[in-house]
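So the structure is just underneath, and the comments pick up after that.
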C-alpha cells in the first residue's frame with residue numbers, strides 16, 4: 001500500500017467527516033472507495049471518447065457499404 005499526502009478543501013473535508021461519522025467507516029477506506037469509483041467513471045469516459053473517434057473514422061465507409069447493400073436486389 002502506498003502513502004499519499006493530499007490537500008482537501010475545508011468544505012469537502014468537513015462534509016466528508018460528517019458522512020464518515022454516520023457511516024462509521026474509516027476515512028482511508030472511504031477515500032480509497034471514492035478514488036476507485038472515480039477511476040471507473042474515467043475509464044468509461046476514455047472508452048466512450050475512443051469509440052466515438054473510431055466510429056467517426058469509419059462512418060463514411062459504413063455509409064457506402066450500407067448504400068451498396070440497399071442497392072442489392074434480393075431474390076428469393
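A few remarks follow.
- Stokes-Einstein diffusion coefficient of the stretch 1-45, Kirkwood radius over Cα pairs, 25 °C, 0.890 mPa s, in µm²/s: 208 µm²/s
- The length gained on full extension between residue 62 and residue 17, counted as 0.36 nm times the residue separation minus their Cα-Cα distance, comes to 10.9 nm.
- The calculated 222 nm mean residue ellipticity attributable to helices in the chain amounts to -28000 deg cm²/dmol, summing -39500 (n - 2.57) over DSSP H runs of n ≥ 4 and dividing by all residues.
- Distance in nm between pseudo-label sites at residue 4 and residue 55 (7 Å out along the Cβ direction from Cα): 3.1 nm
- Two-site FRET efficiency, residue 37 against residue 69, from Cβ-Cβ distance with R₀ of 35 Å, rounded to 0.05: 0.25
- Scaling against 2.2 N^0.38 Å puts the C-alpha radius of gyration of the chain at 2.16.
All of the numbers you see were taken from the coordinates with simple rules; none came from a lab. Here the structure is a predicted model, which is why all the values come from computation and not from measurement. Methodologically, a virtual Cβ is constructed for each residue, glycine included, from the backbone with ideal geometry; neighbour enumeration extends over all protein chains shown.
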